[in-house]
Amino acid sequence: MRIKYSVARTKRKKKVLKLAKGYYGNKGNRLRQAIQQVNKSLTTAYIHRRDKKGDIRQLWIVRLNAAAREEGMSYSRFMDGIHKANINLNRKMLSEIAIRDPQSFKQLAEIARKAIGTIKKVVGTEK
């Protein structure tokens, strides 16, 4: 008796075609094109999930830089002071503090300034 793999083959096809639903042209309903496009799509989805983490970190850094500049410091000086003062807050938390609680961020900037031993620059007075 010959086995045709009909159940397993149909299941496999349905799984791929379900993932390929909505693709452009015949990539959504022709098996070979669907398999190729699904493989490519899953690969780029994996890569872009990693890239998204870097993009979010970059956003936190931009926010911290803007908040630190309002306090008369650069981002790198601020982070150096935070590390020297042994404040164990990550960039995400520092960014949230800068947005939601500017008074606390001002205190953190002051602590960082004392840790690296610099004086506050008044913004807008340089010529």
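One table, with the values for the structure above:
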item: Any hit, the stretch 41-56, residues being of a type outside the set (A, V, I, L, M, F, W, C), surrounded by fewer than 17 Cβ atoms within 10 Å (Cβ to Cβ) and in a loop (DSSP other than H, G, I, E, B); result: no
item: Restricting the stretch 97-120 to residues that are in contact with a Lys or Arg (Cβ under 9 Å, 6 or more places away or on another chain) and surrounded by fewer than 18 Cβ atoms within 10 Å (Cβ to Cβ), the residue that is nearest to Asn65 (Cα to Cα); result: Ile99
item: Among (1) free of Cβ contacts under 8 Å to residues at least 12 places away in the same chain; (2) within 30 Å of Gly117 (Cα to Cα) - the single one Ile82 does not satisfy; result: (1)
item: Among (1) part of a helix (DSSP H, G or I); (2) at pLDDT below 95, the one test that Ile87 misses; result: (1)
item: Those residues of the stretch 71-84 which are in a helix (DSSP H, G or I), surrounded by 15 or more Cβ atoms within 10 Å (Cβ to Cβ) and not aliphatic (A, V, I, L, M), in sequence order; result: Tyr75, Arg77, Phe78, Asp80, Gly81
item: Test result for Ile35, in contact (Cβ under 8 Å) with a residue 12 or more places away in the chain, hydrophobic (A, V, I, L, M, F, W, C) and either closer than 27 Å to Arg9 by Cβ or loosely packed, with under 15 Cβ neighbours inside 10 Å (or both); result: yes
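The values are calculated or read from the model by the stated rules, or taken from the named source; none is laboratory data. Just so it is clear, the model here is predicted, and its values are computed rather than measured. We place every Cβ from the backbone using ideal geometry, glycine too, and count neighbours over all the protein chains shown.
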